[in-house]
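Step one of this worksheet: look at the structure below.
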Amino acid sequence: MACMEERIYNQVVEACADRLYRFAYRLCRDADAAADLVQDSFLKLWEYEYEVKNPVAFLYTVLCRAFTDAVRHGRLRERYAVEMAEAGLSEISRQGDRAMERMEWRDYLAEVMEALPAIQRTVLLLRDYEGYSYGEIGEMTGLHESQVKVYLFRARVKLKMMLQNRK
C-alpha cells in the first residue's frame, strides 16, 4: 500500500488539524470522541493518499461518515455534560447569576444542536461554522447539492422553532 510523502502529509495535518477538531467537537460534544474522529480521518488520508484529489474534502468526508456511523451504532457517549457542569461551578462562584444564565443558554444551545438529526447538524456546521459551499458540502457528505440545501433549510427551521420556544 502506497503512502503519502511524510512532508506533504505533515503540511496537511498542520493546515487542517485544528479546524477539523473544532468541527468534530461541535458535532459530538465530546473531546475524546472528537480527537478519535480526527485521528481516524488522518489515518485514512495517509492510507489513501494517491486516490485523494482534495485532502481537505476527503478529511471532512471521512469524519462526517465516521460520526454518522458512531451515532447510528450508539458509540458516542455524552460525557461533556459532566465536564460542562464542573467547569460551570467555578465560573458561577466567581460571576454569580449572569454566569449561570450564560451556562444555561450554552447548555440549551448544545441540546438544540444535539436534537437535530446527525446529517442536518453536519450540514449546518459545515455551512454556517466552517463556511463551505453547498457543492463542497455535497462532496464531503456524499449528498447532491440540492439535498444539502434541503437539510440546511430543515435544520435552520428546526433551530429557529426550538429557540423561539425557549423565550
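For Y48, the conditions (1) under 23 Å from D128 (Cα atoms); (2) modelled with pLDDT under 85 are fulfilled apart from (1). Of all residues in region 22-50, count the ones that are under 24 Å from L109 (Cα atoms) and open to solvent by less than 80 Å² (accessible area, probe 1.4 Å). Number satisfying all stated conditions: 14.
The values are calculated or read from the model by the stated rules, or taken from the named source; none is laboratory data. Keep in mind that this is a model prediction, so the values were computed, not measured. All accessible areas refer to the heavy atoms of the entire protein, side chains included, with ligands and DNA or RNA removed. Shrake-Rupley method; radii C 1.70, N 1.55, O 1.52, S 1.80 Å.
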